[in-house]
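First comes the structure, then the notes that go with it.
The values are calculated or read from the model by the stated rules, or taken from the named source; none is laboratory data. Predicted model only: the values in this text are computed from it and were never measured. No Cβ is skipped: glycine too gets one built from the backbone with ideal geometry, and neighbour counts run over all protein chains shown. Just so you know, the surface numbers come from the protein's heavy atoms only, side chains and all, with ligands and any DNA or RNA stripped out. Shrake-Rupley method; radii C 1.70, N 1.55, O 1.52, S 1.80 Å.
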Amino acid sequence: MRNRISLAVVAMLMGTTAIAQDNVLHIYNWSDYIAEDTIEKFTEATGIEVTYDVYDSNEVLEAKILAGRSGYDIVVPTSDFLQRQIAAGAYMELDKSLLPNLVNMDADLMAAAAHYDADNAHAVIYMWGTTGIGYNTAMIAERLGEDYEVDSWALVFDPEIVAKLADCGVSMLDAPSEMIPAAMNYAGLDPSSTDKADFEAGAAVLQAVRPYIRYFHSSQYINDLANGDTCVAVGWSGDVFQALYRAEEAENGVEIGYVIPNEGALQWFDMLAIPADAPHPENAHAFINFVMDAQITADITNYVWYANANAASMPLVDPDITSDPGIFPTEAASAGLWGATVYDARTDRTVTRMWTRIKTGQ
Ligand code: N2P
């Protein structure tokens, strides 16, 4: 890592332009995943100018990270992808002496994340959530009856039910390592299995409903749900709540619910990490430490509706959010959550091939 003194000396020798050029940070984060003012506040506090790009798929991030020289200083892979990328040498070890705000983090959640990164050596939790189902309450009641209770993956995996929803629009995430295990689980199989026959069984569940799925995409569904252009989306907890909130703001009469189905769901952790070849590692550490400030993390959760792992921030999070079982699952629901399985390169290829077949309906 560069050291502060030599940087300062270089800056003095080269004049102020050098300072301006080097005092930057390149962030690559998920879309719809930060508060409106986080970056502005970071720049105010540190003088570091930020460029901020977004993605909506771990696969897209992974391609960039494994190719190297992405130019990014901060990226946010989900923990299973993080582990595979660490094994490939893609991330630097964190210098924890630069991260005093680590004391704010919840020990249990960090221990859960350490399952993918021993001692949390390379990453800290940014936000976490579940992969469940967002739905338009009125459109579902209209098609399935007032008494139909949305509490099962049957809403998206039972062909007889999904067929009745095809006209109002059903979408799924374009995330093979999340969708196929959810389908395996629905078929009564272990979602963490890497057995080819189990993957095939999950793919069969998805193929059976494929004719009724309007699209596979991992960010479009926020606006579509909010505007009533779709009625069901397999999606990420906070994103569905953002749709709910956008509909409320628009006062368009659209009511949206989010459910962690009773068969269980994936619980994932998105991790702040620094690429091994990051051009500004010191600024990256400053950003990670800044985000771990209790107020800053609370502001992000209050804006994006995702749970965080910052214990000190909890009193600052809107009680409507901390008490919502869709965002912070109840103990009973937590028992049914599963963690992501890390796929080796070969398993990953199998799943990717299957996914292409599912998406194209072949
Ligand atoms: C934010 C999506 C983040 C969740 N739009 C994906 N792990």
**Study point:** Residue check, E49 touching a residue at least 12 places away in the same chain (Cβ under 8 Å) and more than 16 Å from the ligand (Cβ to nearest atom)
**Key:** yes
Point to revise | Any chance Y116 is away from the ligand (no atom under 16 Å from the Cβ) and either of a type in the set (F, W, Y) or touching a Ser or Thr at 6+ places or on another chain (Cβ under 8 Å) (or both) | key: no
Practice item. Could you run through segment 228-265 and say how many residues are among the hydrophobic types (A, V, I, L, M, F, W, C) and open to solvent by less than 10 Å² (accessible area, probe 1.4 Å)? Key: 8
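Tell me, please, whether a residue that is under 28 Å from T330 (Cβ atoms), free of Cβ contacts under 8 Å to residues at least 60 places away in the same chain and either open to solvent by 40 Å² or more (accessible area, probe 1.4 Å) or not hydroxyl-bearing (S, T, Y) (or both) can be found in segment 88-99. Let's see the steps before the verdict.
Filtering segment 88-99 for residues under 28 Å from T330 (Cβ atoms) gives none.
No, segment 88-99 contains no residue that is under 28 Å from T330 (Cβ atoms), free of Cβ contacts under 8 Å to residues at least 60 places away in the same chain and either open to solvent by 40 Å² or more (accessible area, probe 1.4 Å) or not hydroxyl-bearing (S, T, Y) (or both).
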Practice item. Could you tell me whether any residue of segment 34-46 is under 21 Å from the mean Cα position of the chain (by Cα), over 18 Å from I296 (Cα atoms) and either within 16 Å of the ligand (Cβ to nearest atom) or outside any helix (DSSP H, G or I) (or both)? Key: no
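Taking segment 243-289, which residues are outside any strand (DSSP E or B), within 16 Å of the ligand (Cβ to nearest atom) and not hydroxyl-bearing (S, T, Y)? Lay out the reasoning, then the answer.
Kept after step one, since they are outside any strand (DSSP E or B), are these residues of segment 243-289: 243-255, 260-264, 274, 276-289.
Of the ones still in play, those that are also within 16 Å of the ligand (Cβ to nearest atom) are 243-246, 260.
Those that are outside any strand (DSSP E or B), within 16 Å of the ligand (Cβ to nearest atom) and not hydroxyl-bearing (S, T, Y): A243, L244, R246, I260.
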